[in-house]
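Student: Have a look at this one before I ask anything.
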């Protein structure tokens with residue numbers, strides 16, 4: 001059993017994860033990502049994306065409440 005080669009960089013993985021946050025992705029791009037993305041990078045990118053999203057929301061709430 002040979003595992004498929006995961007050749008996508010962390011930056012490419014981050015880009016794919018950010019697009020997935022919006023839910024807009026072509027099926028062909030999704031299939032390409034599924035073959036190339038490193039699962040460890042996907043998990044790390046997802047955690048980073050979630051933390052950034054939460055920090056942005058907290059910043060917006062603080063600005064609104066401060067006014």
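Values in this text are rule-based calculations from the coordinates and carry no lab data. If you're wondering where the values come from, they're calculated on a predicted model, not measured in any experiment. As a convention, Cβ positions derive from the backbone with ideal geometry for all residues, glycine included, and neighbour counts pool all protein chains shown.
Student: In degrees from 0 to 90, rounded to the nearest 10, what is the angle of the helix 27-36 Cα long axis to the longest principal axis of the chain?
Tutor: That helix lies at roughly 70 degrees to the long axis.
Student: Further, regarding this structure: Please determine, in degrees from 0 to 90 and to the nearest 10, the orientation of helix 10-22 with respect to the longest principal axis defined by the Cα atoms of the chain, where the helix direction is its Cα long axis.
Tutor: Rounded to the nearest ten degrees, it is 60.
Student: I've got another one for you. How high is the relative contact order of the chain, in percent, with contacts defined as C-alpha pairs under 8 Å that are six or more residues apart?
Tutor: Computed value for the chain: 43 percent relative contact order.
Student: Let me ask another. Put a dot 7 Å past each Cα toward the Cβ at residue 15 and residue 29; how far apart are the dots in nm?
Tutor: According to this spin-label approximation, the distance is 0.9 nm.
Student: In addition: Suppose each label sits 7 Å from its Cα in the direction of the beta carbon; what would the residue 57-residue 38 distance come out to in nanometres?
Tutor: With each label placed 7 Å out from Cα toward Cβ, I get 2.9 nm.
Student: Using just the Cα positions, wrap the chain in a convex hull and report its mean projected area in square nanometres, one decimal place. Don't jump to the answer; show the numbers that get you there.
Tutor: Working: hull surface 21.6 nm².
With the hull built on Cα positions only, its mean projection is 5.4 nm².
Student: If each DSSP helix of 4+ residues adds -39,500 (n - 2.57) and the sum is divided by the residues in the chain, what number results at 222 nm, nearest 500 deg cm²/dmol?
Tutor: -25500 deg cm²/dmol
Student: Relative to the first principal axis of the alpha-carbon coordinates of the chain, what is the inclination of helix 39-66, with its axis defined by its Cα atoms, in degrees from 0 to 90 and to the nearest 10?
Tutor: Long axis of 39-66 versus the principal axis of the chain: about 10 degrees.
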